[in-house]
1. Within the group A:509, A:497, A:445, which residue is within 14 Å of another protein chain (Cβ to nearest Cβ) and either in contact (Cβ under 8 Å) with a residue 40 or more places away in the chain or surrounded by 14 or more Cβ atoms within 10 Å (Cβ to Cβ) (or both)?
2. If only one of A:521, A:584, A:489 is in contact (Cβ under 8 Å) with a residue 40 or more places away in the chain, part of a helix (DSSP H, G or I) and not assigned by TED's automatic domain parsing to the domain that holds residue A:633, which one is it?
3. Please note which helices (runs of 4 or more DSSP H) are completely contained in the stretch A:336-403 and include at least 3 residues that are within 14 Å of chain B (Cβ to nearest Cβ) and touching a helix residue (DSSP H, G or I) at 6+ places or on another chain (Cβ under 9 Å).
4. When you check residue A:214 against the structure, is it within 21 Å of residue A:110 (Cβ to Cβ) and either touching a strand residue (DSSP E or B) at 6+ places or on another chain (Cβ under 9 Å) or assigned to a helix (DSSP H, G or I) (or both), yes or no?
5. Return yes when residue A:418 is more than 14 Å from chain B (Cβ to nearest Cβ), outside any helix (DSSP H, G or I) and under 13 Å from the mean Cα position of the chain (by Cα) and no when it is not.
6. Quick check on this structure: which one of A:560, A:538 is crowded, with 23+ Cβ neighbours inside 10 Å, in contact with a helix residue (DSSP H, G or I) (Cβ under 9 Å, 6 or more places away or on another chain) and modelled with pLDDT under 85?
7. Can you give me the number of residues within the stretch B:16-30 that are touching a helix residue (DSSP H, G or I) at 6+ places or on another chain (Cβ under 7 Å) and facing another protein chain (nearest Cβ under 7 Å)?
8. Select, from A:179, A:201, the only residue that is out of contact with any strand residue (DSSP E or B) (no Cβ under 7 Å at 6 or more places or on another chain) and within 19 Å of residue A:269 (Cβ to Cβ).
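The values are calculated or read from the model by the stated rules, or taken from the named source; none is laboratory data. A quick note: this is a predicted structure, and the numbers were derived from the prediction, not measured. Cβ: placed from backbone, ideal geometry, glycine included. Neighbour counts: every protein chain shown.
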């Protein structure tokens, strides 16, 4: 296809909470591809819209940002795509700037920076309805005249303005902006100098080079992300030279430049924006009076959290049991269809067990995503972070770390992926390091099995069992906060974090959007975690199946004892004996490195439990009975109440999840942090268990 | 219009319901740049809605939450009620 016939690639940019994603979804429907920018856990979304003539138009949805001076990985990706610094994403030909009409000045700041790029721009003036309700009258035509680019008023939520936007996108040629603003005279030579170097040494087109020069000169703490091209040595040297010079002179060009841009924007807005009437407190203001109230706010927050946990742990049970039974049935079918042998075992004990182990958590994760989506789309999430800021600040984190930690109760992986909204790199790292301490749902089967072994049958009231479970959750939560405090004081000494967060106006939840997000994120989870767990499950199967026991008639327990896993368990025994664990529990600890719940099934195999159906199941009675009978070679009972308790505590703290480590590696771009995380978490687990077990023994338990 | 010079105070100490003008930012370059870019730079008007440790403010029709450390770095001048 000749170059001029290739449809232009559009990028969609805008401030956070400007309705950009809603507009993107409305334009592209279900024709989207969601992935990740390699090296960073920032979602990469490319969709296809159709022009008025039915031609497909690719649209990239870029993360929300206030400015091109990036402060978080999200914003760095936006900047790098627009500047053409990323190998993995084509530089967009045209840009759609989504602007919140009810907050025009601030939204135009990013637009002003983007107009510097000299690319064709369409402005989507979104949330016109909110602006009208706030007593603002906007004149889109005037804005169009002033800027010289198409301005399309729209309400993405109600589907208004979409046709007009599509029409504008279908135009074969778009006018370039009448974008005249004077760079403050004293910095002009520096801009020219850097621009020339960027053109010559970094192969940038002239206009992009100018915009990038302006940004580099004023963005002091340039955030770098993996996968983005570095500056050439010559340009970096020039830049450092200018910075040193200005630092010596004591001038703040960054502040001056921002002021100059805002002055230009204010002049622009004077003719476009009119306040028609003084409106009283808006509905959002009235709701906020209750939601962030020091008493009512906390009561509401507690009620929402209670509903969230109730749903995750009770509603999810039905689909989880169903998935379990389906996987078990499939496994049974494979067993009946194939002749006994390694291939059959690999399929049932490796592949199917691996898939089952991950799919079974999908209901809980989807419920969590539903709540997170609901809270985000209504605007409540920012308020929850605001409320949580005070308790979080006690350990040196701020309110934004609350959402990742909350997500980690279901699974640390979405939790770690949610840390990307935290601007400060140190705060983000601390949040990533402590997130896996929050008791995720994979620990639940282990807790359930141990509680069942500890307190068999109906002899004890359910309240006691729930109480023990609660203690485990509390232990993990306090552990996370304690370590956050410690890391912030010892490892990452930095000034107290500064949090600035915008409160979006409250909105009715859009269930279609939430559903779409649930599907997208659920699929990403399956893909990311699923491939890793599946791989590891196969490796673990190999470790338990080889080398083969010399006697072909050996029982599964004998085979496991003979296998590599069994040998590792024995090798491990001296290290875990002080905690009251024998080598068979050691095998469970080794195999559950794939996922914690694997402990239950591998324990079942190791202790040769009969009538056990595999996977994660609610009925642990056969395992419990066998475990209760298990003993040391000298006849002492193995699973004493103290050992059960110690084992639960071990699982609270120990880093027993390969998938989490893989995600942490991807997020932090080094193996150093996952290694550190494994050491500190498993080390703590060992120490705490040692103290608990030895104290318990001394006290005669 | 000029008003008698008021002493500057950090935003966190502004009483709820009061409106003030941002006069000076004291944090790191990084922080100053971001807060200016968000439209809370010098000369912006800010109305405190609630909060002592974590402040909730209204700036240019947007609600912005700032934690105590951030609010301490924003020095404001209380406007007399006649000027609001």
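1. Going through A:509, A:497, A:445 in turn, the sole match is A:497.
2. Values: A:521 fails: not assigned by TED's automatic domain parsing to the domain that holds residue A:633; A:584 fails: not assigned by TED's automatic domain parsing to the domain that holds residue A:633.
The match here is A:489.
3. Working: elements: A:342-345, A:353-359, A:362-378, A:380-393.
The helices (runs of 4 or more DSSP H) meeting that bar are A:380-393.
4. On the way: within 21 Å of residue A:110 (Cβ to Cβ): yes; either touching a strand residue (DSSP E or B) at 6+ places or on another chain (Cβ under 9 Å) or assigned to a helix (DSSP H, G or I) (or both): yes.
Criteria met by residue A:214.
5. Criteria not met by residue A:418.
6. Selected residue: A:560, the only one of A:560, A:538 that is crowded, with 23+ Cβ neighbours inside 10 Å, in contact with a helix residue (DSSP H, G or I) (Cβ under 9 Å, 6 or more places away or on another chain) and modelled with pLDDT under 85.
7. 1
8. The match here is A:179.
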